[in-house]
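**Student:** Input: one structure, supplied below.
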Amino acid sequence: MIAGLFKFSFKFLKEVFIPPYEVDQIRKHMIELGMKTLPIVGVTGFIIGLVIAMQLSPVLKRFGAEAFLPGSVGISIVRELGPVICALIFAGRVSSGIGAELGSMRVTEQIDAMEVSGVNPFRYLVVTRVFATTFILPILTVYVIFIALIGAYIAVVLVQNMTWAYFMDRVIFSVEFGDAIPGVSKTFVFGFIVGIVGAYKGYTAENGTEGVGKASTSSVVVSSLLILIFDMVLVKLTLWLWPTVK
Amino acid sequence: MVEIKDLHKNFDGNVVLDGVSFNVAETENMVVFGRSGTGKSVLLKCMIRLMQPDSGDVIIQGQNIRELKVRELNELRKDIGFLFQGAALYDSMSVKENLEFPLIRNFKLTQIEMDKRVSKVLEAVSLEEAINKMPSELSGGMRKRIGLARSVITNPKLMLYDEPTTGLDPITSKEISSLIIDLEHAFNMTSVVVTHDLLCAKIIADRAIVLSGGKIVAEGDIENLVTSEDPLLKNFFSDEIFEENNGRVQ
């Protein structure tokens, strides 16, 4: 599977620069995938922010460091929790969808029909979707980070008397360039993983409806696992590139 | 028009096509008979290079399809229509969008010209009212008709049919077969039809071949094949005649 996925990714990189560029399809998929995932990642982000603040509050209080609560919450959400949680939810929602959709098109010969029509199905179906997931996930991540901060603020207000302006001031003061840029940048990689794994599993599906089910399920499992592995690698890389975050 | 020379194809050592050779003349309707799993669909897919044969040649309009570059292949495919077994309509597109898809991708037509072609083919398959429906709203017979309309909308010179009547009741099956022959005459096409439906073959075929064990075991006029004393053909067609009669009783 690894070799197949690697070849598939290489084919994507080869095809993505060859015209015609399916701009309408890319825009359609970006809107569709973004809108489909917006509510679920919003709710998740809000809960994560709220819970992290509630968990950190008593711990920091124990060390007499309650004042650092907005900063600590902000850094953990921006650097790690926002991007990774958003990517995992996105993988569950989108990778399985792409796997099932393309898998179903494969077993019902719709992809063959497209090829017979003189259309390059890889470019029309795969390149457009992977491009869309790669560029929509960073946007969703920024949204999740913002929603999570609202959640965290609500948790803080429950235990401390603090204004939104002061809370955000403390967050912005604590979160550095070296936290925000790598945090959001790695979601381009996560978005690519979600798209390419879903597309690969669906595009190569076989054995009828059973194959479609397998494509959908394994898309989520493989993309989630790859997100966590690449997160580990990218965190190490980030610390090497931006040593200020040490 | 079509020349198949010594075509071989195997999957993991399982021989599916074992030296298949035949010709189809211009405007001729050729039917390929055979039991399930005898490589009929594989033959059709090799003819349009959806599958690559292991050896042998497929020559369509004087061009060897195995030697063409992707761009040349796509150019040739504009002259070939393919009706898939399940019609293969694009689920996410309406009937109109399904019909327009090959036109948008391959021809520089104005919206008015496209609308005219869409209306013409929908009229030909008697489904004008389905223009805005989604594939999920269509019955099996309707899907086949729309699939047929999508295949002929580019005015192909050659049509390939993969089991056009499978899964349909005998009456709809007869209707689809008659529709195929009407379209053949209207659009002046050559066709290769893969089927095991004798009724469909009787309506469509000018000539037929029978595939068994990856080889052509008989070739000729459909009536001669059906009445042949060859034990293999007798056995094959007796089952088909039984199914045909059973269909009529129902």
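The values are calculated or read from the model by the stated rules, or taken from the named source; none is laboratory data. Remember, it's a predicted structure, so these values are computed and weren't measured experimentally. A quick note on method: Cβ atoms are made from the backbone with ideal geometry, for glycine too, and the neighbour counts reach across all protein chains shown.
**Student:** What number of residues within the range B:214-229 are at pLDDT 85 or above and outside any strand (DSSP E or B)?
**Tutor:** Selection size over the range B:214-229: 2.
**Student:** When the residues of the range B:123-171 are narrowed to those that are in contact (Cβ under 8 Å) with a residue 40 or more places away in the chain, of a type outside the set (Ser, Thr, Tyr) and touching a Phe, Trp or Tyr at 6+ places or on another chain (Cβ under 8 Å), which ends up surrounded by the most Cβ atoms within 10 Å (Cβ to Cβ)?
**Tutor:** B:150
**Student:** On to the next question. Which one is nearest to residue B:81 (Cα to Cα), of the residues in the range B:14-61 that are assigned to a loop (DSSP other than H, G, I, E, B) and within 14 Å of another protein chain (Cβ to nearest Cβ)?
**Tutor:** By that ranking, first place goes to B:48.
**Student:** A follow-up question, please. Between residues in the range B:91-105 that are over 17 Å from residue A:108 (Cβ atoms) and residues that are among the basic types (Lys, Arg) and part of a helix (DSSP H, G or I), which pairs lie under 7 Å by C-beta distance while being six or more apart or on different chains?
**Tutor:** Between residues of the range B:91-105 that are over 17 Å from residue A:108 (Cβ atoms) and residues that are among the basic types (Lys, Arg) and part of a helix (DSSP H, G or I), the close pairs are B:99/B:150; B:102/B:150; B:103/B:117.
**Student:** Quick check on my filter: what residues within the range A:148-169 are surrounded by fewer than 20 Cβ atoms within 10 Å (Cβ to Cβ) and assigned to a helix (DSSP H, G or I)?
**Tutor:** A:150, A:154, A:157, A:158, A:159, A:164, A:165, A:166, A:168, A:169
**Student:** May I pose another question? Which one is nearest to the other protein chains (Cβ to nearest Cβ) among residues in the range B:69-105 that are of a type in the set (Gly, Ala, Ser) and within 19 Å of the chain's Cα centre (by Cα)? Show your work before the answer.
**Tutor:** From the range B:69-105, those of a type in the set (Gly, Ala, Ser) are B:81, B:86-88, B:92, B:94; that's our starting set.
Add one more test, that the residue is within 19 Å of the chain's Cα centre (by Cα), and what stays is B:81, B:86-88.
Numbers: B:81: 8, B:86: 6, B:87: 9, B:88: 4 Å.
In this case the residue turns out to be B:88.
**Student:** Find all pairs meeting these conditions: Cβ atoms under 6 angstrom apart; at least six residues apart or on different chains; first residue within the range A:11-31 and assigned to a helix (DSSP H, G or I); second residue among the polar types (S, T, N, Q).
**Tutor:** A:25/A:128; A:26/A:128; A:29/A:128
**Student:** Another question about this same structure. Just to verify a result, which residue in the range A:172-210, among those that are crowded, with 20+ Cβ neighbours inside 10 Å and charged (D, E, K, R), is modelled with the lowest pLDDT?
**Tutor:** A:179
**Student:** Another one. If we keep just the residues of the range A:87-112 that are touching a Phe, Trp or Tyr at 6+ places or on another chain (Cβ under 6 Å) and assigned to a helix (DSSP H, G or I), which is farthest from the other protein chains (Cβ to nearest Cβ)?
**Tutor:** Ranking the candidates gives A:87 first.
**Student:** Which ones in the range A:198-229 are in contact with a Phe, Trp or Tyr (Cβ under 9 Å, 6 or more places away or on another chain) and assigned to a helix (DSSP H, G or I)?
**Tutor:** Scanning the range A:198-229 gives A:199, A:200, A:203, A:215, A:219, A:222, A:223, A:226, A:227.
**Student:** Scanning for something surrounded by 19 or more Cβ atoms within 10 Å (Cβ to Cβ), in contact with a helix residue (DSSP H, G or I) (Cβ under 6 Å, 6 or more places away or on another chain) and touching a residue at least 12 places away in the same chain (Cβ under 8 Å), does the range A:2-10 turn up at least one residue?
**Tutor:** yes
**Student:** So, residue A:60, is that one crowded, with 19+ Cβ neighbours inside 10 Å, farther than 23 Å from residue A:124 by Cα and among the hydrophobic types (A, V, I, L, M, F, W, C) or not?
**Tutor:** no
**Student:** Another question, if that's okay. Among the numbered conditions (1) at positive phi; (2) assigned to a strand (DSSP E or B), tell me where residue B:9 comes up short.
**Tutor:** (1)
**Student:** From the residues in the range B:106-116 that are out of contact with any Leu (no Cβ under 8 Å at 6 or more places or on another chain) and either within 14 Å of another protein chain (Cβ to nearest Cβ) or part of a helix (DSSP H, G or I) (or both), which one is farthest from residue B:139 (Cα to Cα)? Before you say what the answer is, go through the steps one by one.
**Tutor:** First, pick out the residues of the range B:106-116 that are out of contact with any Leu (no Cβ under 8 Å at 6 or more places or on another chain): B:106-108, B:110-113, B:115-116.
Filter again for either within 14 Å of another protein chain (Cβ to nearest Cβ) or part of a helix (DSSP H, G or I) (or both), leaving B:106-108, B:111-113, B:115-116.
On the way: B:106: 29, B:107: 30, B:108: 32, B:111: 28, B:112: 29, B:113: 28, B:115: 24, B:116: 25 Å.
Within the range B:106-116, the match that is farthest from residue B:139 (Cα to Cα) is B:108.
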